[in-house]
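So the structure is just underneath, and the comments pick up after that.
The values are calculated or read from the model by the stated rules, or taken from the named source; none is laboratory data. Just so it is clear, the model here is predicted, and its values are computed rather than measured. Cβ: placed from backbone, ideal geometry, glycine included. Neighbour counts: every protein chain shown. Remember, those area values only see protein heavy atoms, side chains included, never the ligands or the DNA or RNA. Shrake-Rupley method; radii C 1.70, N 1.55, O 1.52, S 1.80 Å.
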Amino acid sequence: MREQIIEVAVEMFLNYGFKSVTMDDIADKLGISKKTIYAHFSTKTKLIDASGNHILQMVTEGINEIRQQNLNPVIENFEIKRFVNQNLKGEKTSPHFQLKKYYPKIFSKLISNQFDLLQDCVGQNIQRGIDSGFYRDQIDVTFISRLHFVGMMGIKDKDIFPAEEFSESHLMQEFLEYHLRAICTPKGIEILEAYLEDNHEK
């Protein structure tokens, strides 16, 4: 039951927001009493903490599956973006923004874990790109991978990019293209341009 509660809570939090969804809402969705949820999670904060860990694990597993496909380093970025867009819904509810505002301790912990994941993921992607000639060999891998993380977090800032003016999927697409154009060799740019044309994402 604990895992079922987490799975339903994650779906609702991502669709409606961490602040908006109540324990009553989750109980109604599951068809159980609120008391049953509290038997597993004594507070909503603890359920949100468990849900955040579940989301991070889900994202980690999905990204690792993509990485195991050994795709072209340029293309791998877009496949990871596609996976994240499909699984982390909430463009209208901005779960990232709500978590940061209302549950800052949980947010800080998840950001730290996410940083570790992306440092490894992006760092290896950049190194593969350099080794295969798709990214410039003058790149400082550690600096660029950290810059990539800062950029991904920055575009989620609703004060700078209000949801009424910028969709999250558009921001991710624009940032990723910006990032790749900065690090690609002419050979990498050819792959990027062909991908954008084929997928109509330019």
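Could you point to the label whose value was computed as Rg and Dmax of the Cα atoms in Å for the structure here, given [x] 16.9, 51; [y] 18.7, 61; [z] 27.0, 94?
It is the value labelled [y].
Using the heavy atoms of the protein chains alone and a 1.4 angstrom probe, what is the accessible area of the chain per residue in square angstrom?
Spelled out: the 1.4 Å probe surface of the chain, per residue, equals 54 Å².
Quick check: Cα centre of segment 1-78 to Cα centre of segment 102-163, how many Å?
Cα centroid of segment 1-78 versus Cα centroid of segment 102-163: 22 Å apart.
Kindly flag which residue pairs out of K29/K158; K156/K187; K34/K105; K44/K158; K35/K156 have an alpha-carbon separation exceeding 27 Å in this structure.
K29/K158; K156/K187; K35/K156
Relative contact order for segment 70-196 using alpha-carbon pairs under 8 Å, separation at least 6, rounded to a whole percent?
In percent, rounded to a whole number, it is 36.
When the accessible area of the chain is computed with all protein chains present and a 1.4 Å probe, what percentage of it is carbon and sulfur?
Here carbon and sulfur together make up 52 percent of the probe-accessible area.
Using only helices, what value at 222 nm comes out for the chain when you add -39,500 (n - 2.57) per DSSP H run of length 4 or more and divide by the total residues, to the nearest 500 deg cm²/dmol?
One gets -24000 deg cm²/dmol as the mean residue ellipticity at 222 nm.
If you place +1 on the Cβ of every Lys and Arg and -1 on the Cβ of every Asp and Glu, how big does the dipole about the Cα centre of the chain come out, in debye to the nearest 20? Please report the intermediate quantities before stating the final value.
Details: 24 positive and 29 negative charges, 194 e Å.
Dipole magnitude for the chain comes out near 940 debye.
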